[in-house]
Amino acid sequence: NERYNARESEPTWQAKWDEAKIFATRNDDLRKKYYVLEMFPYPSGRIHMGHVRNYTMGDVVARTMRARGYNVLHPMGWDAFGLPAENAAIERKVAPKAWTYDNIAAMKKQLQTMGLSLDWAREFATCDPSYYKHQQKMFLDFLKVGLVEREKRKLNWDPVDMTVLANEQVIDGRGWRSGAVVELREMNQWVFKITKYAQELLDALDTLDRWPDKVRLMQRNWIGRSEGLMVRFALDAATTPAGETELKIFTTRPDTLFGAKFMAIAADHPLAQAAAAKDPKVAAFIEDCKKRGTAQAEIDTAEKQGIDTGIRAVHPFDPSWKLPVYVANFVLMEYGTGAIFGCPAHDQRDLDFVNKYQLGNTPVVCPEGQDPASFVITDTAYDGDGRLINSRFLDGKTIAEAKEEVARRLETAQLAGAPVGERKVNFRLRDWGISRQRYWGCPIPIIHCPTCDVVPVPDADLPVVLPEDVSFDKPGNALDHHPTWKHVTCPQCGGKAVRETDTMDTFVDSSWYFARFTDPWNTEAPTTPDVVNRMMPVDQYIGGVEHAILHLLYSRFFTRAMKATGHIDIKHDEPFAGLFTQGMVVHETYRKADGHYASPAEVAITVDGDQRRATLIDGGGPVEIGPIEKMSKSKRNTVDPDDIIGTYGADTARWFMLSDSPPDRDVIWSEEGVKGASRFVQRLWRMVNDAAPIAAAAPAERPASFGAEAVALRKAAHGALDKVLSGIERLAFNVSLAHIREFSNTLGDVLARAQTPSPDLAWAIRESTVILVQLFHPMMPHLAEECWAVLGQTGLVSEALWPQIEPDLLVEDSITLPVQVNGKKRGEVTVPRDAPTGEIEAAVLALDAVKQALGDKPVRKVIVVPQRIVNVVG
Ligand code: ANZ
Ligand code: ZN
């Protein structure tokens, strides 16, 4: 037998699949549909091993479901807007569009070498006007129904780069690129009203039973629903600037009201402004707060600071109790009411704060079993369960009872003719600000007219196409500097007007691409109702956990907003019925004697027992093997998919990617592992070639009966069919691969023994070999096609239906039962599944463990519970 030559074979099969268009999905195919999708790539220039892993998993699912008779939709496209294209334009003077499309062409070529069963006819890039035209239309539709609004927002402004920065781009209060101190600036933003769906987005998480729990939890926390109370505190007139009379706070712990030590308001709270007008120290503190970024992480880690405004608030349960009002850096204007009462004993931030300003604390919740007299708080706040203390009429109550009691009393209490307290559900979720001061994004289809204000671009003028003659010589948004593009006549009054120069957040592009894939040919509308409603939701979505929050949440919002505007209508309004988040591809790191990293390609590994040693290929210098880390350019531990596919073939890469680790864990890429996979490819190839002449000579008709060896082989084959499929269905690919290996060993053993097999065994060998090829086809499709041909099968294995499992062959022959003596487990017995009770009794009593346990007591009774357990009573 010749060696299997992947490099020759793989392109041939890819061309054949292409020619026969077998992966093209027809929308008028009325078989049950199955939509499998991997998160589409950003066209950065080259695919990396993470892509290989992601797309291999999706392809295994797609190929398996196709073999199972589904009308499979498995498309691919490009998430093509984004900052890197603009950076390339600035740094290398290439146009963002040219850069993007060059990258797409290069990456598409690479993807095509992987042998993925994709329907390329549906490909699109989100930067193409034929895609974003519909996005602009939906923006305007959302605007009509109140799902888009204009809102003043505070943004991080980089005064040197003259651009807005995302929170992640602000590092220690400075712009990541310019290093300039970032300012908070109020600017008009377009926002998507995702908060309108906060409760729905939360509730529907319960329907997503094929999502990882951790992702659902992350979404839940992000939405952040909390039930609490709004409480209006009266302000002490003698200490309060004119015009201010009350302070409204939001609390989730009204039970702790008697532990209050201070009030705190956000720097941009109106009351803070009023106080600043009278006190320059307060004004200075507020200025200082504004210089800080808005990133949550920054707020959480920054030292808690504040300043006393001199204003005093009145405790709602005691008119003589006055609380100082501070401006504090840890209170956000955007949450609740932008004001709180602080209870240091039971909130860590509040405790840190009072310890700094010496305001003291009074514990009001005492853990069960603790003596209230000796319960003191010093550095660690207590946020656990317990009963109320130091709280007048609340003493002795549980937290829940106390919350209810406070809510009840404050709802009826009056201040200036209105209730003091009001129950309130709050969400952490904010509306989605989509305005970006960037060139390379989808233009927002709005015109600003001095007379008519905000005017939507008329449908007939869509798309608003990005101009290509732009210059990146000046910092800021190139659209702002364009001499003509932004100047237009107002569609309403015909006067002079300007276009909106902000473009949409690129997360918008990826929030509906999955729906567009169902009918990308529709030039009139984003979707075609009967098609999108039939093909959606995505049955299996696969991607990185880094998108577990925003991308998925925005997509879930979009499906609802698209429903409200008539663009989709599906069950639960959920775009992704099944979600799988894959682990990363990691690799060991190598360091040369001079401390610099060496790349895997520069290093030779020798294995000696469990000792692995590394040396430089060039010159043999010593190399230290370092920790295993995520593949990254900085650690130089990346492996180029092109090199791997060029050397070993795509099938080997695909097999190894799936073989070792559970797919949600990190996979360690290693040269030894790839070589192992490559040897397995050759073994399968030899095995199929050994089996081929036997298969050719086997009887065409199924034999009337099978001998023991043929039955055993058939059981292994059908058992493997069952287990491999159930592994794939659970996306436990590594388990499926282990079963394929095991079954290939069984078949290999039979082939080694059977020089001149009997007709029934020959028939079973043919059946088993065909099954083996079908089993590994989803992972190694090229090798499988080659083997399919060798076995003389008709057509393509990529089009073959999954073999029928014969249920009779799945029954195990023997069964292992636990054995108890006088109710205590003493051992196990393995007997034929259909063994009569007498035979089981005899086998049990013959066990040494049973004899020992019985000692010299006589056996009184043996109770056999069929298929379950055996009890010996002595
Ligand atoms: C008094 C109190 C006592 C609180 C206590 C907590 C513990 P969640 O659950 O996330 O909704 N808070 C309210 N608005 C805030 C704002 N704008 N900025 C910073 N903190 C704010 O959190 C609600 C709690 O966070 C509220 O309950 C409030 O502090 C604080 F032992 O009120 B609490
Ligand atoms: Zn006008």
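Considering only Val364, Ile223, Gly175, and ranking their Cα positions along the charge dipole of the chain that arises from unit charges at the beta-carbon of Lys, Arg, Asp and Glu, the one farthest toward the positive end is Val364. Between Thr816 and Asp395, what FRET efficiency follows from the Cβ-Cβ distance if R0 is 60 Å, with the result rounded to 0.05? Efficiency, from the Cβ-Cβ distance: 0.45. Checking the a/c ratio against 1.5 first, then a/b against b/c, what shape does the Cα gyration tensor give for region 337-441? Oblate is the answer for region 337-441, as a/c is 1.5 or above yet b/c matches or exceeds a/b. A protection proxy built from the mean count of other Cβ atoms within 10 Å ranks the segments 769-781, 178-190, most packed first, as 769-781, 178-190.
Here the peptides 71-82, 808-819, 445-456 are ranked by packing, the mean other Cβ count within 10 Å, and the order with the highest first is 71-82, 445-456, 808-819. Projected label points at Asp371 and Glu123, each 7 Å from Cα along the beta carbon direction, are separated by 7.8 nanometres.
Approximating the spin labels as points 7 Å out from Cα along Cα→Cβ, the Ala418-to-Val181 distance works out to 3.9 nm.
Once the Cβ-Cβ distance of Ala284 and Ile171 is raised to the sixth power relative to R0 = 30 Å, the FRET efficiency obtained is 0.75.
Placing unit charges on C-beta atoms (Lys and Arg positive, Asp and Glu negative, everything else neutral), compute the dipole magnitude of region 625-744 about its Cα centre in debye, rounded to 20.
Value, rounded to 20: 100 debye.
Among 510-521, 491-502, sorting by the average number of other beta carbon atoms lying within 10 angstrom of each residue, highest first, gives 510-521, 491-502. In whole Å, what is the distance between the alpha-carbon centres of region 416-463 and region 1-77? Using only Cα atoms to place each centre, the spacing works out to 40 Å. Between the DSSP loop rule and a limit of at most 10 other Cβ atoms within 10 Å, which GluC sites (Glu not before Pro) in region 684-760 are left? Answer by residue number: Glu701.
A straight chain from Ser632 to Lys861 at 0.36 nm per residue would run longer than the Cα-Cα distance by 75.7 nm. Surface composition of region 23-90: carbon and sulfur atoms hold 55% of the protein heavy-atom accessible area at a 1.4 Å probe. Among the trypsin sites (Lys or Arg not before Pro) found in region 86-163, those both in a DSSP coil and sparsely packed, with 12 or fewer other Cβ atoms within 10 Å of their Cβ, are Lys93. Our coupling estimate for region 519-525, obtained by passing each phi through the Karplus curve with A = 6.51, B = -1.76, C = 1.60 and θ = phi - 60°, is 8, x, 8, 6, 8, 8, 9 Hz, Gly and Pro reported as x. Amide hydrogen proximity for Val365: with H placed 1.01 Å from N in the peptide plane, the residues at 5 or more positions away or on another chain lying under 5 Å are Ile389.
Extension gain, Ala601-Arg3: 0.36 nm per intervening residue step, less the Cα-Cα distance, totals 212.8 nm. Projecting the Cα atoms of Thr484, Pro467, Ala416 onto the charge dipole of region 380-486, computed from C-beta unit charges around the Cα centre, puts Ala416 farthest toward the positive end. Couplings for region 72-88, taken from phi via the Karplus curve 6.51 cos²θ - 1.76 cosθ + 1.60 with θ = phi - 60°, read 8, 10, 9, x, 8, x, 9, 8, 9, 8, x, 5, x, 5, 6, 4, 4 Hz in order; Gly and Pro are left as x. Given their separation in residues at 0.36 nm each and the Cα-Cα distance between them, Glu19 and Asp660 gain 227.4 nm when the chain is fully extended. Rounded to the nearest 20, the Cβ-based charge dipole of the chain about its Cα centre (Lys and Arg +1, Asp and Glu -1) stands at 820 debye.
Between Ile311, Pro703, Ala125, whose Cα lies farthest towards the positive end of the dipole of the chain when Lys and Arg beta carbons carry +1 and Asp and Glu beta carbons carry -1, centred on the Cα centre? Farthest towards the positive pole: Ile311. Based on Cα contacts under 8 Å between residues 6+ apart, region 202-272 shows a relative contact order of 24 percent. Averaged per residue, the chain has 45 square angstrom of accessible surface, using a 1.4 angstrom probe with ligands and nucleic acids left out.
Magnitude of the charge dipole for region 708-773, about its Cα centre and with charges confined to Cβ atoms of Lys, Arg (+1) and Asp, Glu (-1), is about 80 debye. Sparse packing (at most 15 other Cβ atoms within 10 Å of the Cβ) combined with a DSSP loop state is found for the following trypsin sites (Lys or Arg not before Pro) in region 822-874: Arg833, Arg860, Arg868. Note on region 213-366: lysine pairs with Cα distance below 17 Å, sequence gap of 8 or more or different chains, count 10. For the chain, the longest principal axis of the Cα atoms and the long axis of helix 550-564 meet at an angle of about 80 degrees.
Considering helices alone, the calculated mean residue ellipticity of the chain at 222 nm is -11000 deg cm²/dmol, with DSSP H runs of length four and up weighted by -39500 (n - 2.57) and normalised per residue. Here r is the Cβ-Cβ distance between Ala237 and Arg428 and R0 is 25 Å; the resulting FRET efficiency, rounded to 0.05, is 0.10. I'd like the orientation of helix 733-753 relative to the chain: the angle between its Cα long axis and the longest Cα principal axis, in ° from 0 to 90, rounded to 10. The angle comes out near 10 degrees.
The values are calculated or read from the model by the stated rules, or taken from the named source; none is laboratory data. It should be emphasised that the depicted structure is a prediction, and the values quoted were computed from it without experimental measurement. Here Cβ is always computed from backbone atoms with ideal geometry, including for glycine, and neighbour counts include all displayed protein chains. Each accessible area value is taken on the protein alone, full model and side chains, heavy atoms only, with ligands, DNA and RNA left out. Shrake-Rupley method; radii C 1.70, N 1.55, O 1.52, S 1.80 Å.
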